[in-house]
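Nothing in this text is a laboratory measurement; each read-out follows from the coordinates by a stated rule. Predicted model, so just to flag it, every value in this text is computed and none were measured. Every residue, glycine as well, gets a Cβ built from its backbone with ideal geometry; the counts of neighbours run over all protein chains shown.
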Amino acid sequence: MVDIEEWNKLNSEFEEKNIKLIAVSKTKPIESIHELYDAGQRDFGENYVQELTDKHAVLSKTIKWHFIGHLQSNKVKFIAPFVYLIHAVDSYDLLTEINKYAHRNNRSINVLLQMHIADEETKFGMNEAEILAVLEQYKTNTGTLQNIKICGLMGMATNTTDEDKVRNEYKRLYSFLKHLQTTELVDKSCFNTCSMGMSSDYKIAIEEGSNMVRIGSLIFGSR
Ligand SMILES: *Cc1c(COP(=O)(O)O)cnc(C)c1O
């Protein structure tokens with residue numbers, strides 16, 4: 001069941017604050033996406049390559065698809081023809097693979113670098129030093145990576161009821177994003193997306209500077 005009323009509420013709050021709402025539709029049926037699309041939602045997030053390509057094939061081509069899961073290099077080619085933003089890039093190798101297939105499809109693909117801010121080992125992403133290393137390598141090789149745009153950072157906080165902990169993790173991501181914006185490593189005209197916050201913690205994420213939230217269960221119901 002899609003909660004259109006909840007979506008309306010979130011959507012107007014976010015529009016006012018200039019925050020992009022990504023509706024996370026993983027595991028949810030086509031009909032639910034249709035319903036939200038008809039209400040006006042255009043940005044949808046998915047975690048699994050096969051599910052994303054299946055949905056893309058049958059849904060409106062005006063949807064902006066966000067890949068928010070962990071992306072394996074050998075699967076990039078399946079989403080490269082149409083994906084709008086890849087949120088969780090965690091290595092230079094993956095960047096080059098995305099660039100390769102973006103080039104083959106004669107397009108440019110937007111990406112975010114995933115920063116590891118949570119305690120849990122299970123969450124992917126890079127620490128500050130690793131992100132700096134990727135950006136330095138990117139800057140050295142910018143000429144060969146013409147088909148990607150690095151638009152900012154993404155992160156997932158620890159799954160905990162300890163709000164201070166979540167807040168501090170989001171603070172860390174936001175302040176690193178702000179720091180990077182003062183360096184020569186990023187293109188200031190586009191490195192400004194801060195993708196953090198989901199159903200359980202989006203309020204904290206927004207207070208800490210998020211301008212892109214990824215919300216699933218609040219809108220689509222639990223999985
Ligand atoms: C599933 C998922 C979400 C949405 O989670 P909800 O708790 O349903 O809002 C957000 N971000 C990522 C990376 C996810 O995998």
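Here are some notes:
- Two-site FRET efficiency, E31 against H179, from Cβ-Cβ distance with R₀ of 30 Å, rounded to 0.05: 0.10
- Pairwise label distance in nanometres, E207 with F124, each label 7 Å out on the Cα-Cβ vector: 3.1 nm
- For segment 64-192, size of Cβ-based charge dipole, Lys and Arg +1, Asp and Glu -1, in debye: 720 debye
- Maximal additional length on extending the R107-Y48 stretch stands at 19.1 nm, based on 0.36 nm per residue less the C-alpha distance.
- Residue with peak Gaussian network fluctuation, the chain [Cα springs, cutoff 10 Å], from A88, A80, A57: A57
- Residue among L185, L173, L21 with the largest mean-square fluctuation in a Gaussian network model of the chain, springs linking Cα atoms under 10 Å: L185
- Shape category assigned to the chain from the gyration tensor of Cα positions, a/c cut at 1.5: oblate
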